[in-house]
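Below is one structure; the comments refer to it alone.
The values are calculated or read from the model by the stated rules, or taken from the named source; none is laboratory data. This structure is a prediction, so every number in the text was calculated from the model and none was measured. Note that we place each Cβ from the backbone using ideal geometry, even for glycine, and neighbour counts take in every protein chain shown. Side chains included, ligands, DNA and RNA excluded: accessible areas come from the protein's heavy atoms. Shrake-Rupley method; radii C 1.70, N 1.55, O 1.52, S 1.80 Å.
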Amino acid sequence: YLTVSMEPLPPVVVGDSVTLKCNFKTDGRMREIVWYRVTEGGTIRQKIFTFDAMFSTNYSHMESYRKREELVYQSTMRLPEVRISDSGPYECHVGIYDRAAREKVVLASGSVLLNVMAPPTSISVVAADTPAPFSRYQAQNFTLVCVVAGGKPAPLVYFKRDGEPIEATPLPEPPSSSSGGGGGGDSDGDEDLLEDRAPRNLLHRDLDDTKVPKPLWAAEEEAQGRRPPGTVEPPRGLVAERGPATEAIPETVVSREFPRWVHVAEPIYYVRHAQVPVSDGTVEARATLTWTLNPQIDNEALFSCEVKHPALSMPMQAEVTLVAPKGPKITMTPTRARVGDTVRILVQGFQNEVFPEPLFTWTRVGSRLLDGSAEHDGKELVLERVPAELNGSMYRCTAQNPLGSTDTHTRLIVFENPNIPRGTEDSDGSVSSRCSFQLALALTLTVILELT
């Protein structure tokens, strides 16, 4: 007579200590207890603990019983600091001597499943397809990607805006072949869905009033709130009062960093979830949030990605604030550039924290760059061996992200180089053709004199 049962285990967290308990009843004499770890889908049993009663005196008192009694035993096995790899079934095998034949052993077994959970180890929010230019004239789709790594089982990922949960329309999960890509790309079908479901009631203006030349008096009244924007006509009677002197007042351009289109409806959000198994048994979860960006209301909006997981006592969170670039800080080295020097103009940062990553474009006002190109991309502009002709030239750095753009101008001042005589440098900063001409003239005169 022999029965074996295993006490069920609740899910445990990586690093915990676990005790497996095997209870068995028998009125016979015990032979052995063997613990196995089952792997490879049950095809392989790895022996991890054995108790051999034949060589143990722990149960020698059983011989003193005059009649057989049903005794309850428990075998325990402790696993310290469990890992993900410890997950799986465990079996307890118990053997007793048969009553009829002492050389025969009767076996019974029980099993239990150990489920080891792992909390996510990292969470981050990035913007897909950035850096990207700012479009003043056309609405753009924008995607945030939340990446959660190290969790088992897969965590629950959701987005919030300004602390409030976002109600998003779910998109189908992409094929597994594209799971390891950039994280924010949509298939053609998804793009069609976004086009069909996204709000189309955009107000397109025939004229961009942010670039309309306005008299100074009109701009002042708009700034003071006494005049609605976009109206350039002076108040009635004002022309008569000012008379001909009005024509002499110069006009100015009022420029704002707002798009020329506006939404008249709440944005519609779309969310997609994907899971990628990792070799260590954990899962990388990716969630993407896509909507039609509106810089007028999305600038300085706080978006957060939160994660719930049974191994966490409270949700994990990562947050970003969408901000357009403002006030780039530009440095030039050397600070006192001389003819022939290599000048580096670098964007070191902004007056604010910018997200997503800006796109930097350098141009030379009124002309091409030193290498002949029309523009240069990157945070740094390098001018090799500057010539004197660049003295006073103006360079524009345009920093832009999907929320807006800003221009910063800097002027290059080139001083004379005492090591290079004045007027001997050419356009690329090397010794000028004047020296070459003088050398050629001297050689020619020498040849003529010899012939003479």
*If you add up the charges near P277, with Lys and Arg at +1 and Asp and Glu at -1, over every other residue whose beta carbon is less than 11 angstrom from its beta carbon, what do you get?*
-1
*asked:* For a Förster distance of 25 Å, can you work out the FRET efficiency between the beta-carbons of N352 and E266, rounded to the nearest 0.05?
replied: 0.40
*Would you mind working out the accessible area per residue for region 307-373, using a 1.4 Å probe, and quoting it in Å²?*
54
*Between V13 and H409, what is the spin-label point distance in nm, taking each point 7 Å from the Cα along the Cα→C-beta axis?*
5.9
*For region 1-43, list residues with backbone N below 20 Å from a point placed 7 Å from the Cα of E103 toward its Cβ?*
29-32
*Semi-axis lengths, Å, region 272-409, gyration tensor of Cα atoms, sqrt of 5 times eigenvalues*: 43, 18, 14
*Can you give the Rg and Dmax of region 2-117 based on its C-alpha atoms, in angstrom?*
15.8, 50
*asked:* Please report the net charge: other residues with Cβ closer than 12 Å to the Cβ of L20, K and R +1, D and E -1.
replied: 0
_Give the average over all directions of the projected area of the C-alpha convex hull of region 1-45, one decimal, in nm²._
4.7
*Would you kindly compute the Cα radius of gyration of region 329-415 and its largest Cα-Cα separation (Dmax), both in Å?*
13.2, 40
*asked:* I want to check the label-to-label distance for E384 and T76. Put each point 7 Å from Cα in the C-beta direction and report it in nm to one decimal.
replied: 7.5
*Between S135 and Q296, 0.36 nm times their residue separation minus their Cα-Cα distance comes to what?*
56.7 nm
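At a 1.4 Å probe, what is the % contribution of carbon and sulfur to the accessible area of region 2-117?
Carbon and sulfur together cover 48 percent of it.
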_Per-peptide average of other Cβ atoms within 10 Å, ordering 406-418, 321-333 highest first_ = 321-333, 406-418
